[in-house]
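Notes to accompany the following structure.
The values are calculated or read from the model by the stated rules, or taken from the named source; none is laboratory data. These figures come from a predicted structure and were not determined experimentally. Because the Cβ atoms are built from the backbone with ideal geometry, glycine has one as well, and the counts that use them run over all protein chains shown.
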Amino acid sequence: MPVSVRFLRILASIATAAALAHSAPAAPAQAATGESLAEQAASKEEAQLNERAAAEEKARAAALAIELAEPATPTATERATLELVQSIQRTRFGTWLQEHRIAWNAIAIASLLVLGFALKLVLQRVLAAVFARVLERANKKRLSDALKASRVVTPIAGIAPTLLVARLVSVLGDAGVINPLVSFNVSNILVAIAIFRGIGIASSLMKTADDVYSSRPEVNRPEALRGYRQVLMVVIGLAGGISAAAIAVGKSPVVFLAALGAATAVIGVVFKDMLFSLVANLLLTAHDAIRPGDWIEMKQHSIDGRIAEIKTTSVRVQNADGTVHSVPIGRFIQEPYLNYRSRYGSPGRRVRRGIRVDLRTVRALGRDDLDALSSVPALVGALERARSAAGDAPVTNLCVFRAYAERMLAAHASIDPTLPVVVSQQEATATGVPVDILCFIKPDAAPDLSSVEGALLDRLTLALPMCALRAYQQGSDLGPISTPLPWLGADDLAAAGVVRA
């Protein structure tokens, strides 16, 4: 019997009992001064008759409400199912099944599940064709491709058959065809499964909307709504999970949600870090502070790498040496960090290193020096670039080295040519002249990008003697330099592996 009918019957019985109790004879009151006992009895009797008539009218109204609430006839699907079951029971095989109740319950439920699966396949094909035709006519090819990629049609097509089977199982249980306890549990479990499918559909639809929005030209960034999706999925998953669990055990979800609301204060204390992470995720997504693929640096935690994944409560960063850090997402709104995406967006390894040159080896180049450099094939292009950069000023060996380093890095096979290669000179200090190098290594250059970076720095360090320069060391180790360093010839450079012979 439906819950609403039971509820109305209870209300009707309560109303009838209250009316009859109210119409019971009351204790005689004290007679007023100057009024006769006969008049008091007549008035009381008349009042009692009126109250009894009103109570009977209320009882008839409650009975009429119950008759109206009772389902007059089952639906066409329920009636067809009951007729089919009754026709099976009239056969010899049905008689045997009625004698073996366990087999009859199992076969009935299995048959309904097979029916639901068949309806799901049919509905899935119909919905796929309808969605494709409607989106094609609306010229929404991008949305159509996103829906196909998400495969959201399959769970959508499975919800209606699941609920239908749950209803038919409940009808067979109310009719006494199968065990009412079995039908109650199976029906509740099927409804819970439908709720979980609805949660998955919500997640797929939000992912589809995110993909369509992120691919718009004015947005043009992957997973632009990722933070919003994750927070909404936490709320939907929590509410849906509680409702599914409550229905599966035969309880009202309102009871569970009310208990959850009463424990909100305790939950807020226990899960304060998670709630703070959800808020941080929303803020970072709204301001587009970090994205997957951004190169970030957090010196206080020794983090210098590329963001591989942004989760609900954490960010996974892959460092240059291959190690992986999992950083709580709240750190990105509490602590300072560097993000190099604003200038150079590259999925590869960003290389920013410096070589300190001994200031005592830097000098202007004379004619003999320029002739000596012109004899080295690796320095011909660098010498021309240094002359162009110097203009009317004298050319120094440090200027030639900077030009050589820039040309060598730009022509290297492991360096990304679409991004800038910058070789700059900083202010001289007590520890030499810093020459800073900025370039980007391709992500597929090698499994370990740090080895490629080390090889590039080694090659630049070995190229210092080619320009009569020396890396800075402590003065107490080397002592004063009285004569300039000699130029290395082509044979010496080839032997050192700096240039090819």
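The sole residue among Ser204, Ser215 that is within 23 Å of Asp288 (Cβ to Cβ) and among the small types (Gly, Ala, Ser) is Ser215. Looking only at residues of the stretch 398-420 that are touching a strand residue (DSSP E or B) at 6+ places or on another chain (Cβ under 8 Å) and not hydrophobic (A, V, I, L, M, F, W, C), we find that the one that is farthest from Val452 (Cα to Cα) is Arg402.
Taking the conditions exactly as written (small (Gly, Ala, Ser), closer than 24 Å to Leu190 by Cα and touching a Pro at 6+ places or on another chain (Cβ under 9 Å)), does Gly158 satisfy them or not? Criteria not met by Gly158.
Across the stretch 381-399, the qualifying residues are those that are among the aliphatic types (A, V, I, L, M) and surrounded by 12 or more Cβ atoms within 10 Å (Cβ to Cβ), and the one among them that is farthest from the chain's Cα centre (by Cα) is Val395.
Evaluating Leu449 against the criteria (1) surrounded by fewer than 20 Cβ atoms within 10 Å (Cβ to Cβ); (2) assigned by TED's automatic domain parsing to the domain that holds Ala386; (3) at pLDDT below 80; (4) more than 18 Å from Leu383 (Cβ to Cβ) leaves one unmet condition, (1).
Residue count for the stretch 420-462, restricted to those that are more than 25 Å from Asn319 (Cα to Cα) and among the hydrophobic types (A, V, I, L, M, F, W, C): 4.
Only residues that are touching a helix residue (DSSP H, G or I) at 6+ places or on another chain (Cβ under 6 Å) and over 29 Å from Arg349 (Cβ atoms) were counted in the stretch 270-313, giving 2. Selection within the stretch 169-187: residues that are part of a helix (DSSP H, G or I) and not hydrophobic (A, V, I, L, M, F, W, C). The member of this set that is surrounded by the most Cβ atoms within 10 Å (Cβ to Cβ) is Ser183. Among the residues making up the stretch 132-155, those that are part of a helix (DSSP H, G or I), free of Cβ contacts under 8 Å to residues at least 40 places away in the same chain and either over 28 Å from Ala192 (Cβ atoms) or not assigned by TED's automatic domain parsing to the domain that holds Met206 (or both) are Ala132, Arg133, Val134, Leu135, Glu136, Arg137, Lys141, Ser144, Asp145, Lys148. Are any of the residues in the stretch 270-285 surrounded by 11 or more Cβ atoms within 10 Å (Cβ to Cβ), small (Gly, Ala, Ser), on the phi < 0 side of the Ramachandran plot and in a helix (DSSP H, G or I)? Looking through the stretch 270-285, at least one residue is surrounded by 11 or more Cβ atoms within 10 Å (Cβ to Cβ), small (Gly, Ala, Ser), on the phi < 0 side of the Ramachandran plot and in a helix (DSSP H, G or I). Counting the residues of the stretch 291-308 that are surrounded by 13 or more Cβ atoms within 10 Å (Cβ to Cβ) and either over 18 Å from Glu453 (Cβ atoms) or in contact with a Ser or Thr (Cβ under 6 Å, 6 or more places away or on another chain) (or both) gives 8.
Restricting Val177, Val126 to residues that are aliphatic (A, V, I, L, M), within 30 Å of Pro253 (Cα to Cα), assigned by TED's automatic domain parsing to the domain that holds Gly241 and over 25 Å from the mean Cα position of the chain (by Cα) narrows the list to Val177. Taking each residue of the stretch 348-368 that is among the acidic types (Asp, Glu) and looking for partners that are modelled with pLDDT of 85 or more and surrounded by fewer than 19 Cβ atoms within 10 Å (Cβ to Cβ) with beta-carbon atoms closer than 6 Å, six or more apart or interchain, yields Asp358/Arg470.
If I filter the stretch 400-413 for residues that are within 12 Å of Leu456 (Cβ to Cβ), in a strand (DSSP E or B) and modelled with pLDDT under 90, do I get at least one hit? The answer is no; no qualifying residue exists.
Hey, any hits in the stretch 197-210 for a residue that's under 30 Å from Asn105 (Cα atoms) and either surrounded by 19 or more Cβ atoms within 10 Å (Cβ to Cβ) or touching a helix residue (DSSP H, G or I) at 6+ places or on another chain (Cβ under 8 Å) (or both)? Looking through the stretch 197-210, at least one residue is under 30 Å from Asn105 (Cα atoms) and either surrounded by 19 or more Cβ atoms within 10 Å (Cβ to Cβ) or touching a helix residue (DSSP H, G or I) at 6+ places or on another chain (Cβ under 8 Å) (or both). Is there a residue being out of contact with any Pro (no Cβ under 6 Å at 6 or more places or on another chain), more than 29 Å from Gly454 (Cα to Cα), at pLDDT 80 or above and acidic (Asp, Glu) anywhere in the stretch 320-336? For the stretch 320-336, residues out of contact with any Pro (no Cβ under 6 Å at 6 or more places or on another chain), more than 29 Å from Gly454 (Cα to Cα), at pLDDT 80 or above and acidic (Asp, Glu): present.
Answer with yes or no whether Arg363 is in contact with a Gly (Cβ under 9 Å, 6 or more places away or on another chain) and either of a type in the set (S, T, N, Q) or assigned by TED's automatic domain parsing to the domain that holds Ala430 (or both). Against the criterion (in contact with a Gly (Cβ under 9 Å, 6 or more places away or on another chain) and either of a type in the set (S, T, N, Q) or assigned by TED's automatic domain parsing to the domain that holds Ala430 (or both)), Arg363 does not qualify. The set of residues from the stretch 292-316 being closer than 18 Å to Pro443 by Cα, in contact (Cβ under 8 Å) with a residue 24 or more places away in the chain and within 13 Å of the chain's Cα centre (by Cα) comprises just one member, Pro292. Has the stretch 380-395 got at least one residue that is modelled with pLDDT under 85 and in contact with a Gly (Cβ under 7 Å, 6 or more places away or on another chain)? No: zero hits.
Here's the yes/no breakdown for (1) hydroxyl-bearing (Ser, Thr, Tyr); (2) surrounded by fewer than 16 Cβ atoms within 10 Å (Cβ to Cβ); (3) in a helix (DSSP H, G or I):
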residue: Thr81; (1), (2), (3): yes, no, yes
residue: Val85; (1), (2), (3): no, no, yes
residue: Ile107; (1), (2), (3): no, yes, yes
residue: Val126; (1), (2), (3): no, yes, yes
residue: Val130; (1), (2), (3): no, yes, yes
residue: Ala157; (1), (2), (3): no, no, yes
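Against the criterion of being touching a helix residue (DSSP H, G or I) at 6+ places or on another chain (Cβ under 7 Å) and at pLDDT 80 or above, Ile178 does not qualify.
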